[in-house]
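The values are calculated or read from the model by the stated rules, or taken from the named source; none is laboratory data. The model shown is predicted, which means the values in this text are computed figures rather than measured ones. Neighbour counts are summed over all protein chains in view; Cβ atoms, including those assigned to glycine, are modelled from backbone coordinates with ideal geometry. Remember, those area values only see protein heavy atoms, side chains included, never the ligands or the DNA or RNA. Shrake-Rupley method; radii C 1.70, N 1.55, O 1.52, S 1.80 Å.
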Number of protein chains: 2
Amino acid sequence: MKGPLKSTLEEMKGIPQPPMVNPYGNSSAKIAPRLTAEEYVEGIFAGERPIVSRAITLIESSLSSDRNTAGKIVKACRAKTAGMNTMRIGITGVPGAGKSTFIESFGKLAIKAGHKLAVLTVDPSSEISGGSILGDKTRMETLANEEKAFIRPSPSAGSLGGVARKTRETIAICEAAGFDTVFIETVGVGQSETAVHSMSDFFLLLLLSGAGDELQGIKRGIIEMADLITVNKADGSNTERAECSKNLYDGALHLFPPTRSGWKPSCVTSSALTGAGLEDIWKMILNYFSLVMGNGYYLRNRREQDRYWMHESINESLKSSFYGNPEIAAELPEIEKEVLNGNKDSFEAAEELLTAYNKKL
Amino acid sequence: MKGPLKSTLEEMKGIPQPPMVNPYGNSSAKIAPRLTAEEYVEGIFAGERPIVSRAITLIESSLSSDRNTAGKIVKACRAKTAGMNTMRIGITGVPGAGKSTFIESFGKLAIKAGHKLAVLTVDPSSEISGGSILGDKTRMETLANEEKAFIRPSPSAGSLGGVARKTRETIAICEAAGFDTVFIETVGVGQSETAVHSMSDFFLLLLLSGAGDELQGIKRGIIEMADLITVNKADGSNTERAECSKNLYDGALHLFPPTRSGWKPSCVTSSALTGAGLEDIWKMILNYFSLVMGNGYYLRNRREQDRYWMHESINESLKSSFYGNPEIAAELPEIEKEVLNGNKDSFEAAEELLTAYNKKL
């Protein structure tokens, strides 16, 4: 066995783990002997896959000693990659659109083109659905065996903010380890798409032919986030229908307000099975990066994303202090009920809760 | 002179006003003799236009004695209208789409159909742009003279949250005064549309033929909020182009994920000049209300909006305490600069600020 599969298994093998503890989660169990921050950084910069993998595990830990080391590692990684041009590509799609197969085929294309690829998954619901860790391993088997690919499943569930932070730190580590291309896949619906969009340079949406019903699973607004839509599974008897859907979406995209990047989103077709369309998508993505690196949007957008996440983290933290306050937690259900019954005005209810909160501070 | 124009002028005439003070704003000057909460409520319930107008002025005041009275009035108004079926219709459009003329013609149609209509405007930028108060008065002259119409310009600028609160309270007063139909117009871009969408039952978007460039002014995502799009100014030599745009949008709307209401958004054409299409739009709106009142979405959505505004107010308040803290205000620019330069991680920056904030509490 080669590649990331091996390293992760190595890491998990032979190390005592308490039963029923999620190795990626908020467990206080040490799951691998820790190195110093310097040792991690050295290993990451040298592109040592097992060290990269262990550094990510450290990031996913909530032990404060780990957080401390993780902070130093991330800082060093960011410093190394500052000014480097990397490609962060968000990928989402309706259920059944064939995201894993697409990423596998598309990822191999990126590697063939000379890139080193990291595939990350944001799935805040994974603790509930359970299988995503194993799922990711098995479903991208051939990509996982590529020397130049690094596949990392979703960290365990937690707040979307927590998952987002871990993912952004993981991106920094992967880039410092030489992975110049990062796919950030989202398998969730709704909020996780917005989070991934806010940490990607380019956002790719996979749809199926037969518009309408199939969109049930995705939130309104996602289509307008896409830089490129591909109608996937455009093969066999489905080819014609896919082409038809593609034309519809392509027409629709021209009706949207212009993007801030200056890029004109469009729609294409693809088949991860036959490989049709994949080269074109890759070319379009390269065109996109050439455009936004040229017009300054690439850097501006990344900086805006940094600022966004700073304020988003502050906001998340303020909210969790408020809603985590025992008094608020006790009063909220009753007050919320009164608002829902129309007995209390929403602003009045807000003021009541805020007064109670401020008194306790 | 009859109608709202008269009442507002009456209210403003002969009452001492300090110079340079915005009568709708956060002025501490009393601009009309105050009544008791009971007197206001009585006048509102009797549909007395001058009292309605003065109650709204009270709502827009930030004097704490006024806020106190306003709170009582709003509570009484909400109690009266609980369970009543009213129609709150948000209206927005690209610059130049002819919103005012549309609202004037369309409003007269609503009145002809037997409804009492209040037209409110949400324009958080009005303090900057200046003219919206006078603008609203003059641009809807014939509607303003209708006995069954009540036009109220935007409250003065302030935070979007503040404007939203005032607008929602104004809606309660208008409904209690017997205005069963409320148009909530937004003239801003971006955030104010989202706010209006979150206080409307139905959201109407006015576009112009010649898609693409004309959308420059609107934010991505607005199209997916619309329950109905009308390509306005479909008259004279523009008729054919408008029809063509309509078909394009109509096709595009079918490609969007389904709405939670069960309603299928579509696109039509209209001309406020010739009146073409207005009756159809009115019928579609009635169909919408019939659908959502039947399937329970109407009430469910209003309750969700109440809850949304409760949490939104809490969130706004937490943020303004944080960002209004002198220490944070002093530290933020430097830290934000470091984030933008890539010298500080966004999450690290957030933590630094939060630590400083929590120490001071």
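Here B:L228 passes the criteria (1) modelled with pLDDT under 95; (2) aliphatic (A, V, I, L, M); (3) over 15 Å from the mean Cα position of the chain (by Cα) except the one numbered (1). When the residues of the stretch A:56-76 are filtered to those that are over 19 Å from the mean Cα position of the chain (by Cα) and β-branched (V, I, T), which remaining residue is most open to solvent (accessible area, probe 1.4 Å)? Once the filter is applied, the top-ranked residue is A:T69.
Would you confirm, using the coordinates I've provided, whether A:R260 is charged (D, E, K, R), touching a helix residue (DSSP H, G or I) at 6+ places or on another chain (Cβ under 6 Å) and closer than 29 Å to B:S346 by Cβ? Walk me through how you get there before you give the answer.
Working: charged (D, E, K, R): yes; touching a helix residue (DSSP H, G or I) at 6+ places or on another chain (Cβ under 6 Å): no; closer than 29 Å to B:S346 by Cβ: yes.
No; evaluated as a whole, the condition is false for this residue.
May I ask you to list the residues in the stretch A:77-90 that are open to solvent by less than 30 Å² (accessible area, probe 1.4 Å) and small (G, A, S)? Don't jump to the end; show me each part of the working.
Step one: of the stretch A:77-90, the residues open to solvent by less than 30 Å² (accessible area, probe 1.4 Å) are A:77, A:81, A:86-87, A:89-90.
Selection gives A:G90 alone.
Sort out which residues of the stretch A:340-357 are facing chain B (nearest Cβ under 8 Å), open to solvent by less than 70 Å² (accessible area, probe 1.4 Å) and either assigned to a helix (DSSP H, G or I) or in contact (Cβ under 8 Å) with a residue 24 or more places away in the chain (or both), and write them in order of number. The answer is A:L340, A:S346, A:F347, A:E348, A:A349, A:A350, A:L353, A:L354.
Can you tell me which residue is modelled with the lowest pLDDT among those in the stretch A:176-225 that are open to solvent by 20 Å² or more (accessible area, probe 1.4 Å) and of a type in the set (D, E)? Here the answer is A:D213. Within the stretch A:290-306, the set of residues being more than 20 Å from the chain's Cα centre (by Cα) and either touching a residue at least 12 places away in the same chain (Cβ under 8 Å) or under 27 Å from B:E312 (Cα atoms) (or both) comprises A:L291, A:V292, A:M293, A:N295, A:Y297.
Within the stretch A:226-264, if we keep just the residues that are acidic (D, E) and outside any helix (DSSP H, G or I), the residue that is least open to solvent (accessible area, probe 1.4 Å) turns out to be A:D227.
Out of the residues in the stretch B:32-42 that are of a type outside the set (D, E) and either touching a strand residue (DSSP E or B) at 6+ places or on another chain (Cβ under 7 Å) or surrounded by fewer than 19 Cβ atoms within 10 Å (Cβ to Cβ) (or both), state the one that is modelled with the highest pLDDT. The selected residue is B:T36. Taking the criterion of being among the aromatic types (F, W, Y) and more than 25 Å from A:Y298 (Cβ to Cβ), the only residue of the stretch A:236-287 that qualifies is A:Y249. Here is the figure for the stretch B:327-361: residues that are of a type outside the set (S, T, Y) and closer than 23 Å to A:C77 by Cα total 19.
For the stretch B:153-175, filtered to residues that are open to solvent by less than 10 Å² (accessible area, probe 1.4 Å) and either within 9 Å of the chain's Cα centre (by Cα) or modelled with pLDDT under 90 (or both), the residue that is nearest to B:Y308 (Cα to Cα) is B:A164. A count restricted to the stretch A:307-339 and to residues that are open to solvent by 40 Å² or more (accessible area, probe 1.4 Å) and either touching a residue at least 12 places away in the same chain (Cβ under 8 Å) or within 7 Å of chain B (Cβ to nearest Cβ) (or both) stands at 8. Applying a threshold of 7 Å to beta carbon distances and a minimum spacing of six or more residues, or different chains, the list of pairs starting in the stretch A:240-256 at a residue that is more than 10 Å from chain B (Cβ to nearest Cβ) and ending at one that is loosely packed, with under 15 Cβ neighbours inside 10 Å and part of a loop (DSSP other than H, G, I, E, B) reads A:R241/A:G210. Tell me, which residue of the stretch A:280-289 that is under 23 Å from the mean Cα position of the chain (by Cα) and not basic (K, R) is surrounded by the most Cβ atoms within 10 Å (Cβ to Cβ)? Across the stretch A:280-289, the extreme among qualifying residues is A:Y288.
Given the criteria open to solvent by 10 Å² or more (accessible area, probe 1.4 Å) and either more than 9 Å from chain A (Cβ to nearest Cβ) or under 27 Å from B:G161 (Cα atoms) (or both), does B:G277 qualify? Yes, satisfied.
So which of B:S320, B:S313, B:S290, B:S346 ends up being farther than 23 Å from A:E352 by Cα and outside the structural domain of B:A164 (by TED's automatic domain parsing)?
Values: B:S320 fails: farther than 23 Å from A:E352 by Cα; B:S313 fails: farther than 23 Å from A:E352 by Cα; B:S290 fails: outside the structural domain of B:A164 (by TED's automatic domain parsing).
B:S346 is the lone residue from the list that is farther than 23 Å from A:E352 by Cα and outside the structural domain of B:A164 (by TED's automatic domain parsing).
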